[in-house]
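Colleague: The structure that follows is given in the form of structure tokens.
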Amino acid sequence: MEKFIYDMHTHIFPQKIAEKAVSSIGGFYGIPMVKKGYSEDLIESASEIGVEKCLVCSTATTPLQVTAINSFVAGETERHPEFIGFGTMHPGYSDIAGEVDRIVDIGLSGIKLHPDFQKFAIDDREAYPIYEAAEGRLPILFHTGDKRYSYSNPERVLRILKDFPKLTCICAHLGGYSEWDRVVALKGYLGHPNIYFDTSSAIRFIDPKDSVRIIRAHGVSHVFWGTDYPMQKHTAELEDFMKLELTDEERHMIFRDNAVKFLDDVNKTLGRK
Ligand SMILES: [Zn+2]
């Protein structure tokens, strides 16, 4: 099968804890998790639809987990050339600047934060050292949106971008899981040049016409494709995505071209390749 898709949102766990980790995330969202949550299972699921690369990450729910998770993700990324690794960070971590340096040194390409799991608001001052260390250097992939909490709402992303104008953010789940009316209504959010969206855990919950509207209003060049594996199987996510009435060119940009350009820019900034 021709491989040309970049899956820009997946999670992996060490195999011995994957089952427990996956079931606790499923419980948090009240959504059954369909896949197992470790590297070999991800690769198998991804290969069914011709995925070339997967952005992999894992969230530290306490400061104590940060270094172990970063080392784990870096190790998996080294072992599997089809992986692009994003590290984790926690506002309570003792040496944020030092660990962000290590994230770069061990070959990771960004930082994933999940404010709802990690229980901090995106614009909390205690998270600012993360943005200081990442600005102009590493992109931050934020879980965004959850009707039940306000930690990760899109307003907060705009606030930190005022203070960190050179920060690049990927706002997952089309900019705000379960809060898409807010995404559309928020002035200055759609089309913000520093903000990318991914399509993971979003389009299956939205009317296809509305997904297309959000994607085009934000700018097709700033949208990545993603599955949120192990939340969703690759075949099912692809099937949902193909219901969107996008042009072939738009699909190609979202599947691949945007991600290639974005990751090239990251590598250039970090002086890699
Ligand atoms: Zn995620």
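Colleague: In the range 19-50, what residues are in contact with a Gly (Cβ under 7 Å, 6 or more places away or on another chain) and in contact (Cβ under 8 Å) with a residue 60 or more places away in the chain?
Modeller: Hits for the range 19-50 are VAL22, MET33.
Colleague: Looking only at the range 109-136, how many residues end up being under 17 Å from ASN70 (Cα atoms) and more than 16 Å from the ligand (Cβ to nearest atom)?
Modeller: Selection size over the range 109-136: 3.
Colleague: Given the conditions (1) in a loop (DSSP other than H, G, I, E, B); (2) crowded, with 22+ Cβ neighbours inside 10 Å; (3) hydrophobic (A, V, I, L, M, F, W, C), which single one is not true for ILE215?
Modeller: For ILE215, the exception is condition (1).
Colleague: Exactly one condition in (1) part of a loop (DSSP other than H, G, I, E, B); (2) closer than 25 Å to MET89 by Cβ; (3) without any contact (Cβ under 8 Å) to a residue 24 or more places away in the chain is not met by SER150; state its number.
Modeller: In the conditions (1) part of a loop (DSSP other than H, G, I, E, B); (2) closer than 25 Å to MET89 by Cβ; (3) without any contact (Cβ under 8 Å) to a residue 24 or more places away in the chain, SER150 misses (3) alone.
Colleague: Taking only the range 222-253 into account, find how many residues are more than 14 Å from the chain's Cα centre (by Cα) and either assigned to a helix (DSSP H, G or I) or among the acidic types (Asp, Glu) (or both).
Modeller: So the count comes out to 15.
Colleague: To continue, here is another question. Exactly one condition in (1) under 20 Å from the mean Cα position of the chain (by Cα); (2) more than 16 Å from the ligand (Cβ to nearest atom) is false for GLU19; which is it?
Modeller: Going through the list (1) under 20 Å from the mean Cα position of the chain (by Cα); (2) more than 16 Å from the ligand (Cβ to nearest atom), GLU19 breaks only (1).
Colleague: Then there is this: Filter the range 111-129 down to the residues that are on the phi > 0 side of the Ramachandran plot and under 12 Å from the mean Cα position of the chain (by Cα) and list them by number.
Modeller: Once the filter is applied, which keeps residues that are on the phi > 0 side of the Ramachandran plot and under 12 Å from the mean Cα position of the chain (by Cα), the range 111-129 yields nothing.
Table: residues versus (1) buried (at least 24 other Cβ atoms within 10 Å of the Cβ); (2) touching a strand residue (DSSP E or B) at 6+ places or on another chain (Cβ under 7 Å); (3) within 17 Å of THR269 (Cβ to Cβ); (4) at pLDDT below 95.
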| residue | (1), (2), (3), (4) |
| --- | --- |
| PRO81 | no, no, no, no |
| THR88 | yes, yes, no, no |
| ILE96 | no, no, no, no |
| ASP101 | no, no, yes, no |
| LYS119 | no, no, no, no |
| ILE122 | yes, yes, no, no |
| GLU132 | no, no, yes, no |
| LEU141 | yes, yes, yes, no |
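Colleague: Right, something else. For the range 88-101, indicate whether the set of residues that are closer than 20 Å to TYR38 by Cα and among the β-branched types (Val, Ile, Thr) is non-empty.
Modeller: yes
Colleague: Additional query: Look through the range 138-165, keep the residues that are of a type in the set (Asp, Glu) and more than 12 Å from SER178 (Cα to Cα), and return whichever of them is farthest from the ligand (Cβ to nearest atom).
Modeller: ASP163
Colleague: Which of the residues that make up the range 161-181 are free of Cβ contacts under 8 Å to residues at least 40 places away in the same chain and within 19 Å of VAL266 (Cβ to Cβ)?
Modeller: Scanning the range 161-181 gives LEU161, PHE164, PRO165, LYS166, LEU167, THR168, CYS169, CYS171.
Colleague: Still on this model: Going residue by residue through the range 166-175, is there one that turns out to be away from the ligand (no atom under 14 Å from the Cβ) and surrounded by fewer than 23 Cβ atoms within 10 Å (Cβ to Cβ)?
Modeller: Looking for residues that are away from the ligand (no atom under 14 Å from the Cβ) and surrounded by fewer than 23 Cβ atoms within 10 Å (Cβ to Cβ), one finds at least one in the range 166-175, hence yes.
Colleague: Quick check on my filter: what residues within the range 54-67 are in contact with a strand residue (DSSP E or B) (Cβ under 8 Å, 6 or more places away or on another chain) and away from the ligand (no atom under 16 Å from the Cβ)?
Modeller: VAL66, the sole residue that qualifies.
Colleague: Let me spell it out: the conditions are (1) crowded, with 23+ Cβ neighbours inside 10 Å; (2) in contact with a Phe, Trp or Tyr (Cβ under 6 Å, 6 or more places away or on another chain), and THR59 meets all of them except one. Which number is the exception?
Modeller: (1)
Colleague: For SER24, only one of the following conditions fails: (1) out of contact with any helix residue (DSSP H, G or I) (no Cβ under 7 Å at 6 or more places or on another chain); (2) under 26 Å from VAL260 (Cβ atoms); (3) within 16 Å of the ligand (Cβ to nearest atom). What is its number?
Modeller: Every listed condition holds for SER24 apart from (2).
Colleague: Look through the range 75-108, keep the residues that are within 25 Å of ILE5 (Cβ to Cβ) and aromatic (Phe, Trp, Tyr), and return whichever of them is farthest from the ligand (Cβ to nearest atom).
Modeller: Top of the filtered list is PHE83.
The values are calculated or read from the model by the stated rules, or taken from the named source; none is laboratory data. What you are looking at is a predicted structure, and each value in this text was computed from that prediction instead of being measured. Virtual Cβ from ideal backbone geometry, glycine too; neighbours counted across all protein chains shown.
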